[in-house]
Amino acid sequence: MRAAWSVDAVRAAEEATGDDFTDGALMQRAAKGLADIVRREVAELERRGVTSPRVVVLVGPGNNGGDALYAARDLAVDGIECLALLVADKAHVEGVAAARAAGVDVARYESASHSGPEPEGGGRESAHAIAHADLVVDGILGIGADPGRAATWKALADLIPIQAFVVAVDCPTPGFRADITVTFGEPKTSLMLAPAANGRVEVVDIGIHLPLGEQEAMRLSGTHLAHLWPVPGPRDHKYTRGVVGLATGSDAFPGAAVLGAVAAVTTGAGMVRYVGPRRAEDAVTAAAPEVVHGSGRVQAWVVGSGIDGPSEREHESDRYDSAMAALRSEEPVVIDAGALTWFEPGVRPEGAQTVITPHAGELATLLQSRDIDVERSTVEADPVTWARRAANETGATVLLKGGVTVIASPGKGPVTIENRAPHWLATAGTGDVLAALLGVLLAAGLEPRSAAALAAYTHGRAAHLANPDGPVRALDVAMSLGRVASELVAEQRRVHEERRAGRFPR
Ligand SMILES: NC(=O)C1=CN([C@@H]2O[C@H](COP(=O)(O)OP(=O)(O)OC[C@H]3O[C@@H](n4cnc5c(N)ncnc54)[C@H](OP(=O)(O)O)[C@@H]3O)[C@@H](O)[C@H]2O)[C@@H](O)CC1
Ligand SMILES: Nc1ncnc2c1ncn2[C@@H]1O[C@H](COP(=O)(O)OP(=O)(O)O)[C@@H](O)[C@H]1O
């Protein structure tokens, strides 16, 4: 499991040390840890044949720039030359002085829009220095970054050569990429939310430690998740394994029913029941003859994929009636797509397990319907806060879909983040597959939070397996679920055998 803390919690812990955190021991420790890692990477570049790697340190206006300047000083003391470029209209004054005193070449970046004074004795440097760097330290913005104003330095990010190694200080400046992010104290949630931008995250101990249990977010390891996969035993039969009911698809969108049915059958449900209009039934039978039609006893329902919620409700169609009946059932329910617009207070029986699977736009609409003023873009900018808010407003477990999936349950506990899915998964129909997969896991008896975490992880792995590093279609993701399940079961077995052999599993 990986844990991450909120920026507020990290700042509070730093303040609680009583350190003068603009220039005290914490910053010196952060700078030393950063310099150690840059030194190691410079040596690695040399080992790979880059002679005297050119190191450029980009220095922003706040303490993040301070860390970078002190690290440049530590490197200079060790004989590693670097150019520190001040890219904002102010810079950490003591850091500039310390770096210069150690022989660092401190210059102002000349095309930055600024009115600030020249550093004493310092020159000006242009884009050329960045464009020829072998290693760039991004010390522009850290946890004080205001992403709303982050376009300021986008042009600098574009100057960094593709082959240059980039080390981000604490977290990458918005719009910058990093090969390594050197973060201080504890990992921050923002690093989990943008895994592609961070590269590898290395945590430098600066003497602050936040208690486990108070983390804001966590990501479960593949091994942990593999152990959640339900495996049938000798006494099982199809009903004990779990029957999932699908109230999905419509005359307008029969494909959603097909995708969900194929996903549910392939995932390994004990049985799949389908309830929907004739056209969708026929399509489901053609694609998945294992599916049983008509209502009946189930252990979990999936409701809403491929349903136009407002229009079905207005026409009070049979489709609406059968899906509403499923939505009102005592069994665990996954509420997806169109059915999210029917999820009003009181629709689900008190205490019944509910998982909702909105994307950011659907989550905003759901909250607006409950008089909460929020837009899609607001949710996208802070998915953790809004997933939590929705869980507490609705009493449901929220699986918020997107480039990174955030899972929140009612209460104050940490959210679970799943950030390993390939971005090729962003294609129509994959949400229908996910909802059905999740329904199967609930029907097998997993509790909502574990089922949601396992479903999001399995979904991403299935996309990868379907076509590694390339485009996927939703049907292929659905068809890959059975093979992912067998990989997870193999992982369970491997760990079990290692334990039996007395070896501690990896
Ligand atoms: N706290 C500690 O104990 C420790 C902290 N440490 C280090 O400090 C870092 C946090 O430092 P920080 O608080 O100074 O914030 P930082 O990220 O440097 O940015 C603030 C400056 O940027 C500006 N600005 C922001 N967004 C902008 C934008 N989009 N576009 C333009 N300007 C923007 C903002 O301007 P303002 O909003 O004030 O106008 C302000 O000037 C942390 O990540 C870690 O590296 C370590 O030393 C360990 C101990
Ligand atoms: N950029 C992305 N990277 C990885 N996965 C993504 C990305 N964008 C969306 N997804 C995933 O793709 C699926 C899309 O679901 P959804 O938006 O409901 O589409 P549909 O309704 O067409 O099936 C979700 O599982 C979501 O988490």
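Within segment 206-264, being closer than 30 Å to Asp282 by Cα, surrounded by fewer than 15 Cβ atoms within 10 Å (Cβ to Cβ) and touching a strand residue (DSSP E or B) at 6+ places or on another chain (Cβ under 9 Å) holds for Lys238, Tyr239. Given the condition farther than 26 Å from Ala444 by Cβ, away from ligand 1 (no atom under 16 Å from the Cβ) and within 33 Å of the chain's Cα centre (by Cα), answer yes or no: does some residue in segment 325-342 qualify? Yes, segment 325-342 contains a residue that is farther than 26 Å from Ala444 by Cβ, away from ligand 1 (no atom under 16 Å from the Cβ) and within 33 Å of the chain's Cα centre (by Cα). Residues in segment 470-489 that are touching a Phe, Trp or Tyr at 6+ places or on another chain (Cβ under 8 Å) and either not β-branched (Val, Ile, Thr) or not in a helix (DSSP H, G or I) (or both): Gly470, Pro471, Val472, Ala485, Leu488.
Take Ala452 and decide whether it is under 22 Å from Ala300 (Cα atoms) and modelled with pLDDT of 95 or more. If you could, list the steps in order and put the result at the bottom.
Numbers: under 22 Å from Ala300 (Cα atoms): yes; modelled with pLDDT of 95 or more: yes.
Criteria met by Ala452.
Set side by side, the residues Ala16, Ala35 differ, and just one is assigned by TED's automatic domain parsing to the domain that holds Trp153, among the aliphatic types (A, V, I, L, M) and either at pLDDT below 95 or within 16 Å of ligand 2 (Cβ to nearest atom) (or both), which is Ala16. Can you confirm whether segment 53-62 contains a residue that is touching a helix residue (DSSP H, G or I) at 6+ places or on another chain (Cβ under 6 Å), crowded, with 24+ Cβ neighbours inside 10 Å and among the small types (Gly, Ala, Ser)? Checked segment 53-62: no residue is touching a helix residue (DSSP H, G or I) at 6+ places or on another chain (Cβ under 6 Å), crowded, with 24+ Cβ neighbours inside 10 Å and among the small types (Gly, Ala, Ser). Hey, can you tell me all the residues within segment 116-154 that are at pLDDT below 80 and in a loop (DSSP other than H, G, I, E, B)? If the condition is that a residue be at pLDDT below 80 and in a loop (DSSP other than H, G, I, E, B), then Gly116, Pro117, Glu118, Pro119, Glu120, Gly121, Gly122, Ser126 are the ones that fit.
Of the helices (runs of 4 or more DSSP H) lying entirely inside segment 335-453, none contains at least 3 residues that are surrounded by fewer than 16 Cβ atoms within 10 Å (Cβ to Cβ) and within 11 Å of ligand 2 (Cβ to nearest atom).
In the set (1) touching a residue at least 40 places away in the same chain (Cβ under 8 Å); (2) touching an Asp or Glu at 6+ places or on another chain (Cβ under 7 Å); (3) farther than 16 Å from Val258 by Cα, the condition left unmet by Val334 is number (2).
The values are calculated or read from the model by the stated rules, or taken from the named source; none is laboratory data. Note that the structure is predicted; figures quoted are calculated from it, not measured. Counting neighbours? That spans all protein chains shown, and the Cβs are built from the backbone with ideal geometry, glycine included.
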